[in-house]
Every structure is written in C-alpha cells, then in structure tokens.
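Working notes, beginning with the structure itself.
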Amino acid sequence: MAKQDWKPGTMIYPLPAVMVSCGSTPDEYNIITISWTGTICTNPPMCYISVRPERHSYGIIKKNMEFVINITTQQIAYATDWCGVKSGRDFDKFKEMNLTPAKASVVNAPIIDQSPLCIECRVKEIIPLGSHHMFIADVVNVKADDQYIDPETGKFDLAGSGILTYVHGGYYELAQKTGHFGWSVRKDKKGKSKK
C-alpha cells in the first residue's frame, strides 16, 4: 500500500463537534463551536478545549475560568455550525439560533438546554501553544437528558441521541456500531476467545 508524505497538520479525525457555552451573566453569555476538545484524565475527571485568543469567547472564559461543553446532535447541527462562524461580538447566539440558556448546577456559565449532555468545567490551567491556547479544566458536574437514560439500567445512550462528529470540514452523525470495549478478547462460556 503506497502512502504520501504531507506537511505536518491536524489530521486526527473524527472529533466531537461541541458548542461551548460561557459567561457568568445573561448579558455576557456566548457560544463557541469547537472540535479541538477531549478527555485528558479519568480520576480526577478532566478535559480540555483549545481556543484561538482572538475569539470572543476566549476573553470570557479566561475572565470567569468556567465553561460548559455541550454535546451536539443532528437536530442542532445548523446552530452548531452557525455558532462557529459568527461572532458573539455581533450576535446574541442563543437568541439568533433559538437555543435556551439554562442554569448549570455548579458553574455560572449556562448549559444549552437542547444538548443531550452538558459537561460543566472549571479551568485549572491555560497553556499558550501557538495559534490556540489550551484550557485544561476539571469536570465539576455532568447534566444528562432524561430521554436518553434507560429507566431500567440507568445507562445513558449518547450514541442514540444523533451525536455529531467533525471530520476535516464536514459534520457527520455517528454510523453503525462496530463493537464495544473488550469485544476483541471476550471469551464465551467455554473459555474460548470470540474472534
């Protein structure tokens, strides 16, 4: 199989397409769409977002040291893209996209009510990296939409919410499930590996 050498670039895909909400008061509330985000630690639970310093939300997050990562779905795909290309300096993004700011449980930043999963974060450290600065944050609370929680098992079905991913300039909904963690080494009742 032949491969070409390309110049170094950001080619790790797919990534989540999330809307990050920030601000401590309604007149300051804003939304920024981000794909440079992820988990960095389980215990304690920590995550990060990377934001360009010239973005309007950068100053809001740096001032308040809090934000909420709102997972996006097919239903709010248009708003997800719009909030990534328009500036909060010029628009009230919640109002323009008919999104509902709701009260978070721990942080002052609002959650986006239309999101199935809202991850409340408190900034621990800001690392300047170049084009982006990384906000490393503690996860201080998670709000999950009841409609995606199985009443019998209590498990949250995020995949069933129509979650959006981002791949090299395009938005995609999750496709068919291929397996689950550990399925490649799971053994049947006779002790034989299932392959």
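Based on what the data block shows, is F67 of a type in the set (A, V, I, L, M, F, W, C), part of a loop (DSSP other than H, G, I, E, B) and farther than 24 Å from E173 by Cα? It is false that F67 is of a type in the set (A, V, I, L, M, F, W, C), part of a loop (DSSP other than H, G, I, E, B) and farther than 24 Å from E173 by Cα.
Of the residues screened, S115 is not one that is surrounded by fewer than 17 Cβ atoms within 10 Å (Cβ to Cβ) and touching a Ser or Thr at 6+ places or on another chain (Cβ under 9 Å). For segment 13-26, how many residues meet the condition of being loosely packed, with under 15 Cβ neighbours inside 10 Å and either part of a strand (DSSP E or B) or modelled with pLDDT under 95 (or both)? Summing the residues that are loosely packed, with under 15 Cβ neighbours inside 10 Å and either part of a strand (DSSP E or B) or modelled with pLDDT under 95 (or both) in segment 13-26 gives 1. Filtered by the rule that a residue be among the aliphatic types (A, V, I, L, M), under 14 Å from T25 (Cα atoms) and out of contact with any Ser or Thr (no Cβ under 9 Å at 6 or more places or on another chain), segment 58-101 gives I61, M65.
Among the residues of segment 10-54, write down those that are touching a strand residue (DSSP E or B) at 6+ places or on another chain (Cβ under 9 Å), among the hydroxyl-bearing types (S, T, Y), free of Cβ contacts under 8 Å to residues at least 12 places away in the same chain and more than 18 Å from I71 (Cα to Cα). Matches in segment 10-54: none.
Restricted to segment 171-187, and to residues there that are of a type in the set (A, V, I, L, M, F, W, C) and surrounded by 10 or more Cβ atoms within 10 Å (Cβ to Cβ), the residue that is modelled with the highest pLDDT is W183.
Hey, any hits in segment 122-134 for a residue that's at pLDDT 95 or above, within 15 Å of C47 (Cβ to Cβ) and in contact with a Leu (Cβ under 8 Å, 6 or more places away or on another chain)? No, segment 122-134 contains no residue that is at pLDDT 95 or above, within 15 Å of C47 (Cβ to Cβ) and in contact with a Leu (Cβ under 8 Å, 6 or more places away or on another chain).
The values are calculated or read from the model by the stated rules, or taken from the named source; none is laboratory data. Fair warning: this is a prediction, and the values are worked out from it, not measured in the lab. Cβ: placed from backbone, ideal geometry, glycine included. Neighbour counts: every protein chain shown.
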